[in-house]
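The block underneath contains the structure these notes are about, expressed in structure tokens.
The values are calculated or read from the model by the stated rules, or taken from the named source; none is laboratory data. Computed from a predicted model, the values in this text were never measured in an experiment. Note that each Cβ is placed from the backbone with ideal geometry, even for glycine, and that neighbours are counted across all protein chains shown.
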Amino acid sequence: MIAFETLHAAPPALTAHAPLLMVVAPLIAACAAALAPSARVSWMISVTGSVFAAWMALAVAGEVARRGVVDYVIGGFAPPLGIALHIDGLGVMVALLVSSAGVMASLYSGHSLTTEVGAEKHTLVQSGFLLCQTGLLGLVATGDAFNAFVFLEVSSIGTYALVAIGEKRDRRALPAAFNYLIMGTIGATFYVIGIGFLYAATGTLNMADMAARLATLDDSSVVQAGFAFVVVGLGIKAAMFPLHGWLPGAYSYAPSLISIFLAATATKTSIYLMARFVFDVFPYGAAFGQAFVTWVLAPLAATGAIVCSLQAVFEKEIRRILAFSSVAQVGFILLGLSLATVGGASAGLFYLGAHALIKITLFMALGGVALSLGARRLGEFAGVAREAPWSATAFAIGAASLAGVPLTLGFLAKWRLIEAALQAGAIWVVVVLAIASLLTFLYVGRMLEAIFFRAAPAGAPRAREAPVGVLAPLWVLAGLNIWFGLDASLPEQLANSAARALLGAAP
Amino acid sequence: MTALPSSFDVTLALDIVLLVMLLVVAGAVARTRSLLAAIIMFSVYSLISAVWLVVMDAPDVAFTEAVVGAGVSTIILLGAILLTRGEAERPDWRRLIAPALACIAVGGLLVFAAIGLPGLGDAASPANAYVGRAYLEATPKDIGMPNVVTAVLSSYRSFDTLGETTVIFAAGVGVALMLGFGPRASLAPPSAVIGDHHVVPRVAAKLLIPLVALFAFYVQFHGDLGAGGGFQAGVIMAAAIILHALVFGLRETMAAIPPRVARSLASLGVLLYAGIGVICMMNGGGFLDYDYLFPPSVEQQIPGWLLGDSEHAHHWGQHFGIMLIELGVLLTVSATMVTIFYGFGGRTVEAARQEAKQ
Amino acid sequence: MNTGELLIFLALAVPLFAAAAIYAVGRMPDVRETLTIIACIALSVITISMFMRVGAGDPPTLTVARPLAGLEIAFRLEPLGALFALMASLLWGVNSLFSVGYMRGKREANQTRFYMCFALAMFAVMGIAMAANLFTLFIFYEVLTFSTYPLVTHTGDARARAAGRVYLATLVGASLVLFLPGIIGVQIVAGSTAFTQGGLLPGRVDATTGDILLLLLVFGAAKAALMPLHGWLPSAMVAPAPVSALLHAVAVVKAGVFAILKVSAYIFGPDLISTLPAATWLLWIAAGTIVIASVIAMTKDDLKSRLAWSTVGQLAYVTSAALLPAAAGLVAGGLHMLVHAFAKITLFMCAGAIYVATGASKVSEMRGLGRSMPIVFSCFLIGALCVIGLPPFAGMWSKFLLIKAAFGTREWFTAAAMVISSLLGLLYLAPVALRACWSRLAMDRHAPSSVRRRARTGCCGADDHSCSMCRAVPAGGWRRQLSCANRGEGAMSEGTQDVAPKEKPQLGEPGEHPLSVLLFSWMRGKLFFRLLMAGLSALGAVLIALEVVLSHRPVTSLVNMPGFFGIFGFLAFGIAVLSGWPFGKLMRRPEDYYDTRSGEAGRDR
């Protein structure tokens, strides 16, 4: 157990402003990176900004452990007039996730960008990446529904552009980014329409205030429509099953820096926001909320987990396999949340964290190898383990974790999910999980078989081992997969407090 | 609903006319295969909605809609179709089924929601009775500014505005990343063909551009009192610059404001905004708490009569804070618009071919 | 850390360290293999001293990690586990010696990986043997699966990879879909998964939950190859002989039945088992497995395949023993596990030796080879008789105890199945050795030329000899050289050599020893097989009919329906088997299927 209660990561003067600095630090770094004179400087700025944000996130974690909830009033106007940041156990967990993913990705970017993007664009890429980070962290930190929309847009717009510059390596990045842009914009628009309705019904934008006022309202058609719009909008952003069409392309064709960061964070924060709305903002007791969770969310999550796992099994490109896998894993997470018990939510959130770690490991290992190889298709990775053993082993660790092999974090995540489902008496969830895990296992097996057990065809381009700058963060991540597989008290603690924060006294 | 039946009727009639026009134009956009026509009609659509927004008593939004929707984005879209064919292919009707169904579902949901919505301008509706009223009551005391909209945007919800400015900056970064590099053709007419018909726009533009810029500044600084503010002013300023580029050629404008400078200005704007927030923080307040904009030592230097009576204390901080962040917004918005225009402008087919050859 | 804990630690650390060391010195084969042998000896010493300490004082316990609240990776020494560890470590030593000869003799590639994975598998086995709770057992059970996968696919060709896929998919699939939920179920019901003397669950579950958990856990341990989850075992026959020995004797299948024994003894406990209807159903399935596997084994000409099916049957003996509602069953099961391990490793090593020396892998090719390889075939005969359970071999005692336990608990069908299967074993195992020794050397045209040629030169000896000789032959090995030589000879002598002759069918095969013909030829005919199948079908029909008459423990009202159990069993079994087909197809698909259609890459919207 890590005693967050006694964690004083930063001096008090900084800690007092930590929730805000966590968001603004990457923003200022983004501006600075855009102004930077050279690629190298912008990279340093990017690393500094990300590390600072992560540091502040840690400071917030200490505060939240001590006080339960951290509120930070902006502009001196308390809500509902002003905007306040509101971070509880759930927010801390996701914030730590996003900021540490940011640190890892920024460390990695020093090497990857040089081969993937023209030198003149580096400053702007770093800037865009930091903007993404700002958006995601802001989205997590804020306690205001409209403010969340603004940050959602900050992160999305940064992402669209960054996905599109994969163009240099692959022209398919452009349609993928366009697809992502359209879907993302529809999602954001739906979300903001929903917020508009909720504002019309409650007259406030602050989430806590909105929740308090919604609890006193009858189910009017405005509230229900608002709920529908918010959930569908966030569902698109979170790549919930039938709304996931944009994700495989966006993850597959973007420069590796972006896929790494996106895979670990983007859908997770949307799931976070959706959970906040479904369980916190809307009175969960409301008939439509419960009906939604039982009859829409859970079945869709289950279908997504199975269908997308199947798609991953039959996919040919390795990054698309991982992307479909991400959609499927979103299904796992939502299944856990849809149990609507503290145990279920905790398991779902644990899975969320585990999956983020797993996917960032996988994408980074892949990116490291693909830097020299330029390969995409599974067959082209044949025999890579011989040329790049370190990357391949890290990939294998991540893949094992994804498949849920014991002694890895992924196994414990699956364990907790099944345990929660059994405890909630949802046998069908166990069945779905088992089937989807099996399919996961199949596509993981395919990838590993290609990388480890097949000889490279003669004359194929040979991979080189990734540079140390890539291997270092990669092995930190792979090591974490194993470490947490042996001692998961840290993520468990975070997930438990997050679940308690989310469901509170609810059953 | 308002008490006066006559004004009610006029508003309703206007609403109906404008909305029908919007519908017709939207239908026409969907039907036409000519991209040029579609762009022009989009511009018309924006203008009509701007008018409609004025009727709805939202002049700030109307401003923005008119400048961005009808002005700048039309130019950018025109720049974009230079690179493609002028006609869109007619899609297979089967591919339209799913989107149509989705549209119908969304429309149905909207209508369903509208049933429960309070009436327009209903003073008892939650939106007006709760926070809306509170803003109206608190603004004179907290901010001391006649325009409540600006007070809400720039002070109460200044964090949102920071976010929105960041969105614009992000859009600029995005366009610069995708289109900001590579060869450009000058938009100026070849010097050999400069004939009579270019003289008129040149002369007119020379007259117009300073006026437009002046108007932008007016909008910027008038924001405290009436409709206006950094966003609108930024777009108007950008329109002036774009007009310059259209008439005198991209190369001339780029010489005056190089793309790199434009990008830097955009980021400087956000930096200014966030910097104000950080300064407030360092002076002991919260982020963007303008009451702490001036450190106490400075605050003491301000003569008492300037601070006003006790009920209106500290408004200097608010005023200066709002002015500075609006300046940041102006910078970012105008620089981003120019960056986006640079991105699309001059990417003629020939230039694209040259790029492909390289 | 006291001595007991130190022993546990060392038992885990030695193979793990050996694996790392083997990888490190992979470039030096002699050092590598010396290391392996040293590790074997060290591990054997450790397990022997562990075995000596069992029962003296408190069982030593070692807790390694607590991944989640309430979950521990912990080890504890108890008699059954110590027995398993001892057996595995001793057999590892024997098998390693054999591997050195076999792998060098066949000049296999990737030998470092082979030895490393072997050591890792031993690490997993030690973990399984000493696991203090189901959670730990599951972890190492999976480690065993993954560390043996590279061994199963060792040859690396398409067949091996397909077999590897089936192997992984069955084992992992079962453990994910059945075993894991079962374990989590236990955790939820009992708040722990610790192996407890007398059973963890008694008093904590009702009959329905107990049934479900028992079914999940027993089928989940797919390494025990209980039908219908047995398919992986015969298909894993593509692996080299030492790997087969590992699968069948040392580690893998034994880990499966060991898990079932542990679950039965320490999770459910004999008392609870005796009250669960599911135990009866499982006994039926095990009995069915025993008989069906034996019958299938009779039809196999490939020696390793025949042995594999025999293993399937023998494992079901242990499973039955674990499920018999008596503590006596557990003792018999443990003993049978041990005995079968020693017997089967003998058989597989013989098969490997025969293959290395002569290239013969089919039973029909081995006629007469016994004369040139007397030691090998004697060993084979001993192993076979042991598996069959004839005196004076060890197999007799375990079978005796098993059948006694079955009779003692009035599980007639199980007892009957065991007896029938032993008789069938006499028919499919013993003749292999007997015919090889008693038949005249096959000079006819049935036997592949290489074997004939090989046998004629008469340089066949014990396995070590042949290995050293094989090593002297340049790349390509004995077999190819011989067959080339033979082809030349054949061309010189007579042209019709390779054309299958159209002789009239006769009793026995040409050149076969008369006694062999007399004893075994009757079961070679189609008529016999048909009769056998008809008999079995009739037996099944009778059993179903009996169900109508005999009443069983009621579970639901449905049970009162006439013939419910028979119909239920038949349907469930049929569905389980049939549902495996599409899955098997998926697993066996050609592996380059994703490289074939290349035009689809840009399909993305």
Discussion item. Filter the stretch B:224-264 down to the residues that are over 18 Å from residue B:147 (Cβ atoms) and in contact with a Pro (Cβ under 9 Å, 6 or more places away or on another chain) and list them by number.
Written reply: B:240, B:246, B:247, B:249
Discussion item. For the stretch A:112-157, give me the residue count where each residue is out of contact with any His (no Cβ under 9 Å at 6 or more places or on another chain) and modelled with pLDDT of 85 or more.
Written reply: 32
Worksheet item: When only residues in the stretch B:14-60 that are surrounded by 14 or more Cβ atoms within 10 Å (Cβ to Cβ) and among the charged types (D, E, K, R) count, which is nearest to residue B:107 (Cα to Cα)?
Response: B:15
Fill in: Odd one out for residue A:347 among (1) within 19 Å of residue A:484 (Cβ to Cβ); (2) more than 11 Å from chain C (Cβ to nearest Cβ); (3) over 13 Å from the mean Cα position of the chain (by Cα)
(2)
Worksheet item: Could you say which residue among C:376, C:451 is touching a Leu at 6+ places or on another chain (Cβ under 9 Å), modelled with pLDDT under 75, under 26 Å from residue C:352 (Cβ atoms) and part of a helix (DSSP H, G or I)?
Response: C:451
Worksheet entry | Filtered residues of the stretch B:212-252 (kept if without any contact (Cβ under 8 Å) to a residue 60 or more places away in the chain and over 30 Å from residue B:316 (Cβ atoms)) | B:212, B:240, B:243, B:244, B:247
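Restricting to the stretch A:14-24, name every residue that is within 18 Å of residue B:166 (Cα to Cα) and at the interface with another protein chain (Cβ under 10 Å from one of its Cβ atoms).
Residues satisfying the conditions are A:20, A:21, A:23, A:24.
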Discussion item. Could you go through the stretch B:51-72 and let me know if any residue there is acidic (Asp, Glu) and in contact (Cβ under 8 Å) with a residue 24 or more places away in the chain.
Written reply: yes
Response to the item:
Counting only residues that are within 24 Å of residue A:18 (Cα to Cα), crowded, with 16+ Cβ neighbours inside 10 Å and either among the aliphatic types (A, V, I, L, M) or facing chain A (nearest Cβ under 9 Å) (or both), the stretch B:245-302 contains a total of 23
Worksheet item: Before we move on, is residue A:353 within 21 Å of residue A:423 (Cβ to Cβ), within 14 Å of chain C (Cβ to nearest Cβ) and crowded, with 24+ Cβ neighbours inside 10 Å?
Response: yes
Discussion item. Let me confirm something: among A:427, A:482, which residue is β-branched (Val, Ile, Thr), without any contact (Cβ under 8 Å) to a residue 12 or more places away in the chain and surrounded by fewer than 19 Cβ atoms within 10 Å (Cβ to Cβ)?
Written reply: A:427
Discussion item. Testing residue C:180 on (1) under 17 Å from residue A:404 (Cα atoms); (2) outside any helix (DSSP H, G or I), one condition comes back false. Which one is that?
Written reply: (2)
Worksheet item: Conditions: (1) more than 10 Å from chain A (Cβ to nearest Cβ); (2) buried (at least 24 other Cβ atoms within 10 Å of the Cβ). Residue C:158 meets all but one. Number of the miss?
Response: (2)
Worksheet, complete the sentence: Of the residues in the stretch A:59-75, those that are within 14 Å of chain B (Cβ to nearest Cβ), crowded, with 21+ Cβ neighbours inside 10 Å and over 14 Å from residue A:93 (Cβ atoms) come to A:72, A:74, A:75
Response to the item:
Of the candidates C:199, C:203, the one satisfying the condition of being free of Cβ contacts under 8 Å to residues at least 40 places away in the same chain, of a type outside the set (D, E, K, R) and outside any helix (DSSP H, G or I) is C:203
Discussion item. Go through (1) within 14 Å of residue A:56 (Cβ to Cβ); (2) part of a loop (DSSP other than H, G, I, E, B) for residue A:138 and report which single condition fails.
Written reply: (2)
Worksheet item: Only one of (1) closer than 16 Å to residue C:430 by Cβ; (2) out of contact with any Phe, Trp or Tyr (no Cβ under 9 Å at 6 or more places or on another chain); (3) in a helix (DSSP H, G or I) fails for residue C:392. Which number is that?
Response: (3)
Worksheet item: If you check residue A:401 against the conditions, is it part of a helix (DSSP H, G or I), touching a residue at least 40 places away in the same chain (Cβ under 8 Å), more than 10 Å from every other protein chain (Cβ to nearest Cβ) and under 22 Å from the mean Cα position of the chain (by Cα)?
Response: yes
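Pick out the one residue from A:421, A:501 that is in contact with an Asp or Glu (Cβ under 6 Å, 6 or more places away or on another chain) and within 25 Å of residue A:94 (Cβ to Cβ).
None of the other options fit; the residue is A:501.
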Worksheet item: Taking the stretch C:60-88, which residues are surrounded by fewer than 19 Cβ atoms within 10 Å (Cβ to Cβ) and more than 14 Å from chain A (Cβ to nearest Cβ)?
Response: C:61, C:79
Worksheet item: Within the stretch A:201-209, is even one residue part of a helix (DSSP H, G or I) and either aromatic (Phe, Trp, Tyr) or within 22 Å of residue B:171 (Cα to Cα) (or both)?
Response: no
Item to complete: Enumerate the pairs (first residue in the stretch B:83-98 and in the same structural domain as residue B:37 (by TED's automatic domain parsing) and part of a loop (DSSP other than H, G, I, E, B); second residue anywhere and at pLDDT below 80 and surrounded by 10 or more Cβ atoms within 10 Å (Cβ to Cβ)) with beta-carbon separation below 8 Å, excluding pairs fewer than 6 apart on the same chain, so at least 6 apart or on different chains.
Response: B:83/B:347; B:83/B:348; B:83/B:349; B:83/B:352
Discussion item. So, residue A:473, is that one more than 28 Å from residue C:127 (Cα to Cα), away from chain C (no Cβ under 13 Å) and assigned to a loop (DSSP other than H, G, I, E, B) or not?
Written reply: no
Discussion item. Let me confirm something: among C:185, C:203, which residue is more than 30 Å from residue C:107 (Cβ to Cβ), within 10 Å of chain A (Cβ to nearest Cβ) and small (Gly, Ala, Ser)?
Written reply: C:185
Worksheet item: Among the residues of the stretch A:114-142 satisfying the criterion of being under 21 Å from residue A:100 (Cβ atoms) and of a type in the set (Ser, Thr, Tyr), which is farthest from the chain's Cα centre (by Cα)?
Response: A:127
Worksheet item: Does residue A:245 satisfy being in contact (Cβ under 8 Å) with a residue 12 or more places away in the chain, surrounded by fewer than 24 Cβ atoms within 10 Å (Cβ to Cβ) and closer than 25 Å to residue A:366 by Cα?
Response: yes
Worksheet item: Does the stretch B:130-137 include one or more residues that are acidic (Asp, Glu), within 14 Å of another protein chain (Cβ to nearest Cβ) and either part of a helix (DSSP H, G or I) or under 30 Å from residue B:162 (Cα atoms) (or both)?
Response: yes
Item to complete: Name every residue in the stretch B:138-185 that is at the interface with another protein chain (Cβ under 7 Å from one of its Cβ atoms), in contact (Cβ under 8 Å) with a residue 12 or more places away in the chain and among the aromatic types (Phe, Trp, Tyr), in order of residue number.
Response: B:156, B:159
Item to complete: Could you tell me which numbered condition residue A:406 fails, if it satisfies all but one of (1) part of a helix (DSSP H, G or I); (2) surrounded by 24 or more Cβ atoms within 10 Å (Cβ to Cβ); (3) at pLDDT below 85?
Response: (1)
